[in-house]
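These notes are about the structure you will find just below.
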Amino acid sequence: TDNVMMKRTTPRRSFIKQLAGSTVAIAAGTGLLKAENKPAVDANTNLNRENLAILQPSEDLSWDTLRGHFKMNFTLDPPAIKWEKQSNAETNGATGEYASNGYLLKVEEIEIANKAVLINFELSRFDGVPFKVLENRVECKTSYAGVYKLFTTGMMAQQNYRVDLPFTFQGQSRAQFEHPVIWMQETDGSNTLTFGLLDQIHTCNQEGSTYNPANGGEAPGIANSYVRASLSRLMTSGVPTDRYRDGIYLNANPKLTWFEALEDYSIAVDKFRGFKSDPISDWALNPMWHSWYAHADRIDEARIREDARLAASLGVTTIELDAGWNIPWEQSYSFDTDGDYFFDGGRFPDPVGMIQEMHDKGQRVILHVAPLLMGEHAKAWSKMKNCMITVDGNPQPYLDPRLKKVHDYLLESWAFMFRTYHIDGLWYDFLEIPEAADPIPPDTPTVSLDLHAAYTLLMQSLYKKALESNPHAVIILRRGSANLNAKTYCTHVWPMDVPQDYNMNRRDVVFLKTYGEGVVTHACCTSWAISESDVNVARQMASIVLAGVPAFSVILQDSPTTHNAIIKAWLGFYESNKEDLVLGRMTPVIPTPPSAILKIVSKDRKQAFLGFFETVPGLVTITDVQKITIVNAFNKRTTTRLEGISGRWEAKIYDQVWRQEQALSLTADQNEGLTINLSASTGCHSVVLTKLR
């Protein structure tokens, strides 16, 4: 809901500021010798800079692991001072038990693969008294050797994509957006060092620098200085705990690509939290038409019924009603008007009948919701106005997820929407609540005093409620809220808003693919002007079909006949191959940008898809498949070499509406390679190779 003029200065769906951070990761522990008699800080005490200034961090715990020099400290209440190792036995890296001022820190470093380790740590007190973690800071210094690119999740998002090695970087992750991982790579995309924290809920500030002699180095001079990266975990809730647990993922295996290292990081995170994925919904792969870029918030029943009819004729089987369905016609969508979860009767006099009509046509219906917004013009405002987050006494436009009343209201609303309207899923928006909030008044019923833990519990409860109401419901989240934390409460992850730039759209999806099993990637709803050229419409459609579940948003009533033919043709291709396209293994063929050339291999390894979008490669390696579809959305000529294949192949060339233009036979050479040099009539065409017996 991007172009709406919000009445507040608040985050929007269109361009959420990505803090271009880097980060570090590792773990350390802490132990204890003698328990202090000092009580933990009151749970209602706000964390602020004064707290951090009064309570000094512990001395650093230092060690070397793989190619990194690490040090870590804790700012605690009661404070820790110097860590004393409790045994003289030789151990790997940081492994051991450490004590400091009543604390016991247990650290275990485990080799999980070649040049990859996990460092798990747990902090407690000998006397069992709760304590407060204010900050947990870890710093890594590593050689400049092999570091030619450096990314955090925020630096590979939408227009924040940073190609060049930064001199300095900073950013943040927490439950509502991004995740705490940094990766360094070679120019060819091979992994140099990837590391990240395993806990995905609490705030992590990320910063670091390159090209700085102050970082120290392996020898004198700038050229030998270290790359430095640090991650600081801030526990902004002020909630005491009797145990603090986290872990670090480190991978320095140069035989992996950056993409593979991030996939492995996601697996480690899932194991750490015991994540188990749910079965994929029966309509998880349905292509979508999305109302926002077509109509903004100017939607009503007559318009949506007609849109659904036109979309069905093109092969669309999911209709998303974006912002506007739940507000009066005379109002524009804003943070001040959202917060109700029933159709506005003026716009939609018969929503049940409308949705049933779509169901009868084989379509599914998804509604846009912003679970944490509550505007003063919403009908629920009088009931919920005392449940808003405040920061330094100033009310925010967000409901406070710590409050039981908020959980109850939203769970009841979710049950109502599914029960009353028989919807098939929800598209979440505007989840970017503040980093820290004022304390909850005493005696107020809460779910958790920890803001980010409470947010996570709320999202998980709403997800469960949706599945209870409709076992095949889909829940879609958009970056940056579509982070690794979101895997525990959604079915689909969606790029940050990239409707017009199909290359940026696809690049976000490439990153989202590193999340691994448990969520489905969805292309952002691509859109184009009604005057757009046919070839660019074909390129848009080719891009979203290869990126994940396709979605588009255009005014269907005004869509030219030639555009419609292209949409229908590409959705037909998608329908014939959707499980292989979406559930197969996608990998970027080149690293910069990673969206330029894609390779998808089906789970049964019988067919592969190659997408050439920003260049045509000279060579692609692909093995053990019986069918290869090359989509060239770059130019009219496909000149490339495929290696790893043998025998005779039938080649068919199709234009941008999948009309066959040529057919010929090709034979692999003795080096198991197939050289292709073919021309087509359009700058978006496909070559389908089928192996002959």
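The values are calculated or read from the model by the stated rules, or taken from the named source; none is laboratory data. Since the structure is predicted, the reported quantities are computational estimates derived from the model, not experimental observations. When we count neighbours, we look across all protein chains shown, and the Cβ atoms used for this are built from the backbone with ideal geometry, even at glycine.
Structure summary
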item: Residue that is under 28 Å from residue 236 (Cα atoms), in contact (Cβ under 8 Å) with a residue 12 or more places away in the chain and of a type in the set (Lys, Arg), where the choices are 71, 115; result: 71
item: Filter result (closer than 22 Å to residue 261 by Cβ and surrounded by 23 or more Cβ atoms within 10 Å (Cβ to Cβ)) within segment 118-133; result: 119, 121
item: Candidates 323, 370, 380 - the one that is of a type in the set (A, V, I, L, M) and over 27 Å from residue 453 (Cα atoms); result: 323
item: Candidates 372, 367, 321, 310 - the one that is farther than 30 Å from residue 560 by Cα and among the hydrophobic types (A, V, I, L, M, F, W, C); result: 372
item: Of all residues making up segment 623-674, the number that are assigned to a strand (DSSP E or B) and either in the same structural domain as residue 540 (by TED's automatic domain parsing) or touching a residue at least 24 places away in the same chain (Cβ under 8 Å) (or both); result: 24
item: Residues located in segment 340-361, provided they are more than 13 Å from residue 301 (Cα to Cα) and either touching a residue at least 60 places away in the same chain (Cβ under 8 Å) or not assigned by TED's automatic domain parsing to the domain that holds residue 376 (or both); result: 341, 342, 359
item: Output for segment 114-129, where each listed residue is touching a Leu at 6+ places or on another chain (Cβ under 9 Å) and among the aliphatic types (A, V, I, L, M); result: 116, 117, 118, 119, 123
item: Number of the exception - residue 311 against (1) buried (at least 21 other Cβ atoms within 10 Å of the Cβ); (2) assigned to a loop (DSSP other than H, G, I, E, B); result: (2)
item: Lone unmet requirement of (1) under 16 Å from residue 600 (Cα atoms); (2) surrounded by 15 or more Cβ atoms within 10 Å (Cβ to Cβ) for residue 624; result: (2)
item: Members of segment 183-206 found to be modelled with pLDDT of 95 or more and in contact with a Phe, Trp or Tyr (Cβ under 7 Å, 6 or more places away or on another chain), listed by number; result: 183, 185, 186, 187, 189, 191, 194, 196, 198
item: Residue in segment 498-510 that is over 10 Å from the mean Cα position of the chain (by Cα), acidic (Asp, Glu) and at pLDDT 95 or above present; result: no
item: Helices (runs of 4 or more DSSP H) fully within segment 370-474 counting 1 or more residues that are under 29 Å from residue 521 (Cα atoms) and at pLDDT 95 or above; result: 404-421, 451-469
item: Pairs, first closer than 13 Å to residue 301 by Cα and not assigned by TED's automatic domain parsing to the domain that holds residue 351 in segment 311-330, second of a type in the set (A, V, I, L, M, F, W, C) and at pLDDT 95 or above, C-beta under 7 Å, six or more apart; result: none
item: Pick from segment 53-87, criterion of a type in the set (Ser, Thr, Tyr) and out of contact with any Asp or Glu (no Cβ under 8 Å at 6 or more places or on another chain), ranking: nearest to residue 241 (Cα to Cα); result: 58
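Okay, residues lined up against (1) in contact (Cβ under 8 Å) with a residue 60 or more places away in the chain; (2) of a type outside the set (Ser, Thr, Tyr); (3) out of contact with any helix residue (DSSP H, G or I) (no Cβ under 6 Å at 6 or more places or on another chain); (4) crowded, with 23+ Cβ neighbours inside 10 Å:
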position: 289; (1), (2), (3), (4): yes, yes, no, yes
position: 294; (1), (2), (3), (4): yes, yes, yes, no
position: 300; (1), (2), (3), (4): no, yes, yes, no
position: 303; (1), (2), (3), (4): no, yes, yes, no
